[in-house]
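Below: the structure, in structure tokens.
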Amino acid sequence: MADYKGVLVYGELIDGKLLSITTELLGCGRSLANELKEDLLCALASDTVSEAPKEAIAFGADKVYTIEDASLKEYQGDTYIQVAEKLAKDISPRIILMGQTSIGRDLAPRLAFRLRTGLSTDCIDLSIEPQTQLLQQTKPVYGGNAQAIFACHVMPQIVTIRAKAMSPIEQDDSRKGEIIPTKIEIDTSAIRTKIVEKVKEEVTGIKLEDAPVIVSGGRGIGSPEPFKTTLKELADILHGAVGASRPPADHGWVPEATHVGLTGKIVAPDIYIAIAISGASQHMAGCSGSKTLIAINKDPEANIFREAKFGVVGRYEEVVPALTNKLKELLAK
Ligand SMILES: Cc1cc2nc3c(=O)[nH]c(=O)nc-3n(C[C@H](O)[C@H](O)[C@H](O)COP(=O)(O)OP(=O)(O)OC[C@H]3O[C@@H](n4cnc5c(N)ncnc54)[C@H](O)[C@@H]3O)c2cc1C
């Protein structure tokens, strides 16, 4: 039987640069590896990995396996699974971490099936159980109303992790690590899908996931206009972005890409201002990682006030312009 050792992060990169989810996985992997007193490993597969292996080391990896092949230029489940399976069988990691991204969601279940092991998706917390050394895998269940902790007794233990649930360690370009170019034969005849078209998400201004401040509006906003005027003005003054709960996106008041929640974006800004949002669990599942939550709602009994650090009870039509004007005044000083 294989001797399972190490924590393997399956990295994602674009144009030779690590995605932020990969630095977050490395941050989480680093603390798990420290606890186990084992290595933090990272796998990077692409047509060219460029400077990404050095970046992975700077973010905590001890060893980086690079797999470069022209067939890995675009993500294709049928080629990437060959790489993931072969590498996992060759190096026998104890734990495999992937992002809860479109790639991770596709690749992780295939890998778990091929390795005859289990998988927990969308984890928000991970720790090592001291006695068994097993990975405790915490994930939201029942639409975010509860959390469940899983453990898998079969190796390797595979999880996908929600974006922004973990923090990267500080980048240290002087960190030393090993880069291991790895040749894996890829059978391109196994590819059963074809990429027909790629459509880039249209984003004007700051991307929601990267914004330090999000001003989010709900159904109580009532129409599309206030998102472009009242909410946008407040967001601009705070150098933030405008988000929404699901109903405004469903009604077409805002672009779908701005919808926060269980079925939308997961965000964790410094400040999240929820305006005319009731605070349903499916919405909170997307913003509960925010450092400070501020609620503005006309209903003092709204659930959002149970979650918020600061709250204003009142009609947003009056509260938001007053807040914007006060901020303008303070920031002008
Ligand atoms: C499977 C599933 C997945 C879902 N996924 C998501 C998701 O990803 N994201 C999401 O957001 N929802 C999601 N939902 C929907 C979710 O359950 C709620 O219905 C939704 O979040 C409610 O949005 P809301 O708070 O904007 O609207 P409402 O619940 O209708 O609340 C509107 C609020 O606005 C306040 N208000 C009204 N007028 C004013 C005013 N003038 N000034 C101030 N306050 C005012 C009201 O007091 C109320 O609290 C999902 C539901 C299901 C079943």
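Sort out which residues of the stretch 283-292 are part of a helix (DSSP H, G or I) and either free of Cβ contacts under 8 Å to residues at least 40 places away in the same chain or within 22 Å of residue 224 (Cβ to Cβ) (or both), and write them in order of number. Step through it out loud before you land on a result.
Residues of the stretch 283-292 that are part of a helix (DSSP H, G or I), as a first pass: 283-287.
Scanning the stretch 283-292 gives 283, 286, 287.
Restricting the search to the stretch 77-96, which residues are in contact (Cβ under 8 Å) with a residue 40 or more places away in the chain and either crowded, with 20+ Cβ neighbours inside 10 Å or part of a strand (DSSP E or B) (or both)?
Answer for the stretch 77-96, where residues must be in contact (Cβ under 8 Å) with a residue 40 or more places away in the chain and either crowded, with 20+ Cβ neighbours inside 10 Å or part of a strand (DSSP E or B) (or both): 79, 82, 83, 84, 87, 88, 91, 93, 94, 95, 96.
Any chance you could count how many residues in the stretch 247-261 are part of a loop (DSSP other than H, G, I, E, B) and crowded, with 18+ Cβ neighbours inside 10 Å? Before the answer, list the steps.
Taking the stretch 247-261 as the starting set, the residues that turn out to be part of a loop (DSSP other than H, G, I, E, B) are 251-255, 261.
Filter again for crowded, with 18+ Cβ neighbours inside 10 Å, leaving 253-254, 261.
Number of matching residues: 3.
Go through the stretch 230-267 and count every residue that is within 7 Å of the ligand (Cβ to nearest atom) and among the acidic types (Asp, Glu).
Residues flagged as within 7 Å of the ligand (Cβ to nearest atom) and among the acidic types (Asp, Glu) within the stretch 230-267 amount to 0.
Please go through the stretch 293-324 and give me each residue that is assigned to a helix (DSSP H, G or I), within 9 Å of the ligand (Cβ to nearest atom) and either among the hydrophobic types (A, V, I, L, M, F, W, C) or surrounded by 19 or more Cβ atoms within 10 Å (Cβ to Cβ) (or both), ordered by number. Write out each step before concluding.
Our first condition is that a residue be assigned to a helix (DSSP H, G or I); within the stretch 293-324, this holds for 304-307, 316-324.
Checking which are within 9 Å of the ligand (Cβ to nearest atom) leaves us with 304, 316-320.
Within the stretch 293-324, 304, 316, 319, 320 meet the criteria.
Pairs only if they're at least six apart or on different chains, beta carbon under 8 angstrom, first in the stretch 187-211 and more than 30 Å from residue 241 (Cβ to Cβ), second modelled with pLDDT of 85 or more and not in a helix (DSSP H, G or I); list them, first residue then second.
Every condition considered, the pairs that remain are 191/76; 193/76.
Mind counting the residues in the stretch 201-224 that are over 21 Å from residue 324 (Cβ atoms) and assigned to a loop (DSSP other than H, G, I, E, B)? Can you show your working first?
Initial filter on the stretch 201-224 (over 21 Å from residue 324 (Cβ atoms)): 201-203, 207, 209-210, 219.
Filter once more, keeping what is assigned to a loop (DSSP other than H, G, I, E, B): 201-203, 207.
Counting residues in the stretch 201-224 that are over 21 Å from residue 324 (Cβ atoms) and assigned to a loop (DSSP other than H, G, I, E, B) gives 4.
For a quick check of your reading of the model, give me the residue pairs whose first member lies in the stretch 51-66 and is more than 14 Å from residue 20 (Cα to Cα), whose second is surrounded by fewer than 24 Cβ atoms within 10 Å (Cβ to Cβ) and among the small types (Gly, Ala, Ser), with beta-carbon atoms closer than 7 Å and at least 6 apart or on different chains.
Cβ pairs passing all conditions: 51/16; 57/177; 61/177; 62/177; 63/177; 64/177.
Could you list, in sequence order, the residues of the stretch 267-305 that are of a type in the set (Lys, Arg) and at pLDDT below 95? Walk me through how you get there before you give the answer.
We begin by selecting, within the stretch 267-305, every residue of a type in the set (Lys, Arg); these are 291, 298.
Within the stretch 267-305, 291 is the sole residue that qualifies.
As an exercise: evaluate residue 193 against (1) β-branched (Val, Ile, Thr); (2) surrounded by 14 or more Cβ atoms within 10 Å (Cβ to Cβ); (3) away from the ligand (no atom under 16 Å from the Cβ) and give the number of the one condition it does not meet.
(2)
Return the total of residues in the stretch 268-292 being surrounded by fewer than 24 Cβ atoms within 10 Å (Cβ to Cβ) and more than 6 Å from the ligand (Cβ to nearest atom). Don't jump to the end; show me each part of the working.
Taking the stretch 268-292 as the starting set, the residues that turn out to be surrounded by fewer than 24 Cβ atoms within 10 Å (Cβ to Cβ) are 268, 270-271, 278-282, 285, 288-289, 291-292.
Checking which are more than 6 Å from the ligand (Cβ to nearest atom) leaves us with 268, 270-271, 279, 281, 285, 288-289, 291-292.
Qualifying residue count, the stretch 268-292: 10.
Being within 14 Å of the ligand (Cβ to nearest atom) and at pLDDT below 95, is that true of even one residue in the stretch 202-215? Show your work before the answer.
Initially, the stretch 202-215 is screened for residues within 14 Å of the ligand (Cβ to nearest atom), giving 208, 214-215.
Those left that are additionally at pLDDT below 95: 208.
Yes: the stretch 202-215 contains one or more residues that are within 14 Å of the ligand (Cβ to nearest atom) and at pLDDT below 95.
Please go through (1) away from the ligand (no atom under 13 Å from the Cβ); (2) touching a Pro at 6+ places or on another chain (Cβ under 6 Å) for residue 219 and return the number of the only condition it doesn't satisfy.
Of the numbered conditions (1) away from the ligand (no atom under 13 Å from the Cβ); (2) touching a Pro at 6+ places or on another chain (Cβ under 6 Å), the odd one out for residue 219 is (1).
Of the conditions (1) crowded, with 22+ Cβ neighbours inside 10 Å; (2) closer than 22 Å to residue 137 by Cα, residue 67 clears all except one; give me its number.
(2)
The values are calculated or read from the model by the stated rules, or taken from the named source; none is laboratory data. Note that the structure is predicted; figures quoted are calculated from it, not measured. Because the Cβ atoms are built from the backbone with ideal geometry, glycine has one as well, and the counts that use them run over all protein chains shown.
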